[in-house]
Structures are given as C-alpha cells and as structure tokens.
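A.B. asks: Once you've had a glance at the structure underneath, I'll fire off some questions.
The values are calculated or read from the model by the stated rules, or taken from the named source; none is laboratory data. Only a predicted model underlies this, so the values are computations on that prediction, with no experimental measurement involved. When we count neighbours, we look across all protein chains shown, and the Cβ atoms used for this are built from the backbone with ideal geometry, even at glycine. SASA here: full protein model, heavy atoms, side chains in, ligands and nucleic acids out. Shrake-Rupley method; radii C 1.70, N 1.55, O 1.52, S 1.80 Å.
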Amino acid sequence: MEYTIEITKSKNSRIGEVDFTNLQFGKNYSDHMFIAEYIDGKWQNCRIIPFGDLSLSPASSFMHYGQAIFEGMKAYKDEDGNALLFRTEQNHKRWNISAVRMGMPEIPYDLFSASLNELVAIDKEWIPTQDGCSLYLRPFMFAADEFVGIRPTENFIYCVITSPAGRYYSKPVKVLAADKYVRAFPGGTGYAKASGNYGASMLPLKEAISKGYDQVLWMDGFEFRYAEEIGSMNVFFIVDNVVLTPALNGTILDGVTRDSCIQLLRSYGLIVNETKVDLEEILKASKAAKLQDAFGTGTAASVAPISHIEYKGTVMELPAIETREISNRLKKDLEGIKSGRVTDKYGWISKVKSHISALV
Ligand SMILES: Cc1ncc(COP(=O)(O)O)c(C=O)c1O
C-alpha cells in the first residue's frame with residue numbers, strides 16, 4: 001500500500017550549529033521529523049515537518065499509563081555518498097511484536113520503511129562519516145486518546161526523529177548484576193521495546209551508577225543467578241573459545257545486533273550457545289582465568305567490551321581489550337558492514353530510497 005507523505009521543509013537548517021567533530025550520543029536532532037496519526041482504525045496524516053515541539057493535551061493517555069514503544073536504528077553513509085540502512089525489516093518485525101504486546105496498532109512495512117527512507121533522504125547531510133558516528137534513528141509511538149481512565153486506546157501517534165551521534169560508550173563498560181530489582185518476568189513485557197521497561201530501570205541504574213558502575217546486568221527474577229541482558233544491550237560471554245549468550249525466553253529483547261553477531265561469530269567457525277548463562281559458572285571460569293571476554297551488543301552501543309562484572313559481592317575483572325581478538329574482529333566487521341566498508345554477504349544493508357523528497 002502506498003502512503004502519501006506531505007513534506008514541509010524547514011526554512012533554516014540548524015546543521016551549522018552542530019559540532020560534527022565532537023558528537024555525543026542523543027544530544028542533537030536533525031532538521032526534520034516524521035509524524036503519522038492512527039485515527040478511525042487507520043494510519044493517516046503522514047507528514048515530514050521541521051523538527052520541533054509537539055502540542056498535546058495533558059489528558060493524552062500515554063502520559064498517564066505509559067502505553068508507548070520505540071525502536072533504535074542507525075543510518076550510515078558509504079564512500080560514494082549513499083545513505084545506508086541496516087536490517088530495517090528486522091526492526092519492523094520487532095516493532096510490531098512490541099505494538100501487539102502493548103495493545104497498539106501494527107504499522108505496515110511500507111509505512112515504516114517509507115517513514116525512515118524519506119526522513120533520512122531529506123536529512124542525508126546530517127549523517128556523520130567520522131569513525132564510530134552515524135545518524136541514530138528513533139521511531140516511537142504513543143497512545144493519544146484524550147481520556148483519563150483505563151480502557152483500550154483508539155488513537156495513536158507515530159513519530160520518527162533522527163540524531164547525529166557519536167559512540168554510546170567511549171570506554172569499556174562496568175556492570176553490576178542485579179540482586180534486588182527485576183527487569184522482566186515470564187508473561188511480562190521484557191521482549192517488547194516498551195518505554196515502561198526503561199522507566200522502571202532508572203532507579204536500579206541510578207543505584208548502580210552511585211556504586212561506580214555504568215549499567216545494570218539484569219538477572220533472572222527467581223534466583224538472580226542467570227544473566228538476562230544489560231540496560232540497552234544483549235550480553236555475550238566467551239569461555240574457553242565458546243560463546244555464550246542468554247537464549248530468547250520472552251524476558252529479553254531479541255536484539256538485531258545480537259542476531260547479527262551470532263551469525264558473524266558462527267561464520268568465524270565458533271560455537272555460539274544460546275542458553276541459560278549461569279553467573280556461578282562465569283565466576284568459576286573467571287577464577288580459573290578462562291573467562292576470555294564479555295561484551296554487550298546493541299544498535300546504539302555496537303559491540304561494547306565489558307571491563308568489570310560485580311556479581312553477589314565479587315568483582316570479576318575481564319582481560320585487557322587488546323587481547324580480545326574475537327570481539328574486536330566482530331566489532332570491526334559489524335561496523336564495516338553497516339558503513340559499507342566491508343562487503344555485506346548477508347543482504348543486511350539497503351540504500352536509502354526516496355520517492356518524494358527529491359521532488360520537493
Ligand atoms: C534492553 C535492550 N536489550 C538489547 C538491546 C539491543 O537491541 P538491538 O541490537 O536491536 O539494538 C537494546 C537496544 O535496543 C535494549 O534496549
């Protein structure tokens with residue numbers, strides 16, 4: 001199905017105000033944003049407009065009940081100046097899984113893809129090309145009924161904003177294994193990219209930061225013994241050349257980077273076990289100097305080495321980054337494919353295609 005997208009271009013670009021040599025993550029926003037509204041059971045009023053404030057009723061239902069989801073993706077520019085997207089169909093699949101879990105309408109692939117392609121095309125100049133930088137894409141959707149009362153929502157707003165961004169982590173990450181708070185339970189919303197999952201993680205994160213850590217390593221909610229994932233990343237361990245990562249069990253996010261890394265690691269001839277990862281075993285491996293590596297994977301964070309893990313009062317220190325041949329290679333290959341520097345044997349990359357913005 002074709003969607004008509006109306007375009008109103010911004011009169012003055014803000015691109016000159018941004019220091020592209022010193023980009024931080026999540027601080028600057030490009031000139032335009034995409035909006036569509038779900039009214040009377042269909043997506044309509046699709047438009048690209050100058051980035052700016054939204055005007056919303058304080059009775060909008062998401063503000064009270066947190067019915068909201070989001071995605072995170074990245075656009076790169078290759079050496080020929082083409083804008084590239086990575087595995088859009090995977091993020092779209094997860095988007096609809098999140099939407100269904102949160103009682104929200106699905107978005108057809110054509111609309112999801114058009115919103116991203118047209119927006120990136122119009123703000124192509126905002127894609128940074130420095131090492132480790134990209135244009136971060138943030139699609140999100142929220143419940144927009146003007147109704148204070150709990151009932152299934154009928155109106156929704158879908159929006160996409162984009163942000164030129166540098167690295168999410170500039171140094172190896174220290175994680176604190178949760179021993180009190182739980183991110184997700186079977187039957188809950190752990191597998192959905194639901195905003196409330198992140199809201200509920202802020203207090204544990206604040207406490208972890210106050211103890212000198214960067215992130216919480218979420219654990220199972222029964223014994224606090226089996227690793228689940230990190231605040232914004234899936235997690236991998238390497239013991240004796242075998243890669244271990246928590247299996248998809250309904251309480252963790254099915255990361256697009258996780259899946260891509262598993263495919264790349266297997267292509268290196270490595271065994272990757274998607275399994276229950278027992279931190280007691282990881283601790284034993286660490287004491288026996290067999291824990292070679294631990295890293296997080298995510299769109300924002302790429303492949304992020306972990307330097308320390310605190311588990312039930314014991315701190316495991318991981319080997320120096322230079323010795324981590326597998327994850328260093330993984331990061332290089334993944335970032336290379338995404339930015340068009342390494343041949344994409346997997347069909348993960350698509351060139352941004354605009355049907356309309358070139359005409360405006
Ligand atoms: C909780 C959580 N786990 C894992 C991930 C990694 O997912 P992806 O690789 O699709 O970005 C993210 C990031 O979106 C996340 O927020």
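A.B. asks: Just checking, which of 13, 61, 30 is more than 18 Å from residue 161 (Cβ to Cβ), touching an Asp or Glu at 6+ places or on another chain (Cβ under 6 Å) and not assigned by TED's automatic domain parsing to the domain that holds residue 300?
C.D. replies: Going through 13, 61, 30 in turn, just one is more than 18 Å from residue 161 (Cβ to Cβ), touching an Asp or Glu at 6+ places or on another chain (Cβ under 6 Å) and not assigned by TED's automatic domain parsing to the domain that holds residue 300: 61.
A.B. asks: Still on this structure: Any residue that is closer than 16 Å to residue 122 by Cα, polar (S, T, N, Q), open to solvent by less than 50 Å² (accessible area, probe 1.4 Å) and over 22 Å from the mean Cα position of the chain (by Cα) - is there at least one of those in region 11-24?
C.D. replies: No, there is no match, as no residue in region 11-24 is closer than 16 Å to residue 122 by Cα, polar (S, T, N, Q), open to solvent by less than 50 Å² (accessible area, probe 1.4 Å) and over 22 Å from the mean Cα position of the chain (by Cα).
A.B. asks: Of 203, 217, which residue is part of a helix (DSSP H, G or I), within 21 Å of the chain's Cα centre (by Cα) and not β-branched (Val, Ile, Thr)?
C.D. replies: Result: 203 is the single residue among 203, 217 that is part of a helix (DSSP H, G or I), within 21 Å of the chain's Cα centre (by Cα) and not β-branched (Val, Ile, Thr).
A.B. asks: Also, I was wondering about something else. Considering only region 136-143, I want to know if a residue exists there that is surrounded by 15 or more Cβ atoms within 10 Å (Cβ to Cβ) and either among the charged types (D, E, K, R) or farther than 30 Å from residue 23 by Cα (or both).
C.D. replies: Yes, region 136-143 has at least one match.
A.B. asks: Here's another thing I want to ask about it. If residue 125 meets every condition in (1) under 24 Å from residue 298 (Cβ atoms); (2) outside any loop (DSSP other than H, G, I, E, B) apart from one, which number is that one?
C.D. replies: (1)
A.B. asks: If you don't mind, there's one more thing I want to ask. Could you list, in sequence order, the residues of region 256-274 that are more than 23 Å from the chain's Cα centre (by Cα) and either surrounded by 14 or more Cβ atoms within 10 Å (Cβ to Cβ) or not in a loop (DSSP other than H, G, I, E, B) (or both)?
C.D. replies: Residues satisfying the conditions are 267, 270, 271.
A.B. asks: Regarding region 313-327, can at least one residue be identified that is open to solvent by 50 Å² or more (accessible area, probe 1.4 Å) and within 27 Å of residue 94 (Cβ to Cβ)?
C.D. replies: No, the conditions are met nowhere in region 313-327.
A.B. asks: Could you please tell me which pairs satisfy a Cβ distance under 6 Å, a separation of 6+ or placement on different chains, a first residue in region 209-232 that is at negative phi and in contact (Cβ under 8 Å) with a residue 12 or more places away in the chain, and a second residue that is of a type in the set (Gly, Ala, Ser) and away from the ligand (no atom under 14 Å from the Cβ)?
C.D. replies: From residues that are at negative phi and in contact (Cβ under 8 Å) with a residue 12 or more places away in the chain, the pairs are 216/208; 217/177; 219/177.
A.B. asks: Could you tell me which numbered condition residue 211 fails, if it satisfies all but one of (1) open to solvent by 10 Å² or more (accessible area, probe 1.4 Å); (2) in contact with a helix residue (DSSP H, G or I) (Cβ under 7 Å, 6 or more places away or on another chain); (3) not hydroxyl-bearing (Ser, Thr, Tyr)?
C.D. replies: Unmet condition: (2).
A.B. asks: Separate question: Restricting attention to strands (runs of 3 or more DSSP E) lying wholly within region 275-360, give those where 2 or more residues are more than 21 Å from residue 164 (Cβ to Cβ) and within 16 Å of the ligand (Cβ to nearest atom).
C.D. replies: 291-298, 302-311
A.B. asks: Please list, ordered by first then second residue, the pairs with beta carbon atoms under 6 Å, 6 or more apart or interchain, first in region 270-289 and farther than 10 Å from residue 227 by Cβ, second open to solvent by 70 Å² or more (accessible area, probe 1.4 Å) and assigned to a helix (DSSP H, G or I).
C.D. replies: 272/266
A.B. asks: Residue check: is residue 195 within 28 Å of residue 84 (Cβ to Cβ), outside the structural domain of residue 224 (by TED's automatic domain parsing) and among the hydroxyl-bearing types (Ser, Thr, Tyr)?
C.D. replies: So residue 195 does not fit the description; no.
A.B. asks: When region 230-257 is examined, which residues are found to be charged (D, E, K, R) and within 11 Å of the ligand (Cβ to nearest atom)?
C.D. replies: 254
A.B. asks: Say we look at region 72-117 and pick out the residues that are of a type in the set (Val, Ile, Thr) and buried (at least 18 other Cβ atoms within 10 Å of the Cβ); which of these is farthest from residue 150 (Cα to Cα)?
C.D. replies: 88
A.B. asks: Turning to a different aspect of this structure: Can you tell me which residues in region 146-158 are over 19 Å from residue 100 (Cβ atoms) and in a strand (DSSP E or B)?
C.D. replies: Of everything in region 146-158, just one residue is over 19 Å from residue 100 (Cβ atoms) and in a strand (DSSP E or B), namely 146.
Quick grid of which residues meet (1) within 16 Å of the ligand (Cβ to nearest atom); (2) open to solvent by 30 Å² or more (accessible area, probe 1.4 Å); (3) farther than 25 Å from residue 136 by Cβ:
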site: 31; (1), (2), (3): no, no, no
site: 34; (1), (2), (3): no, no, no
site: 37; (1), (2), (3): no, yes, no
site: 46; (1), (2), (3): no, no, no
site: 53; (1), (2), (3): no, yes, no
site: 58; (1), (2), (3): no, yes, yes
site: 70; (1), (2), (3): yes, no, no
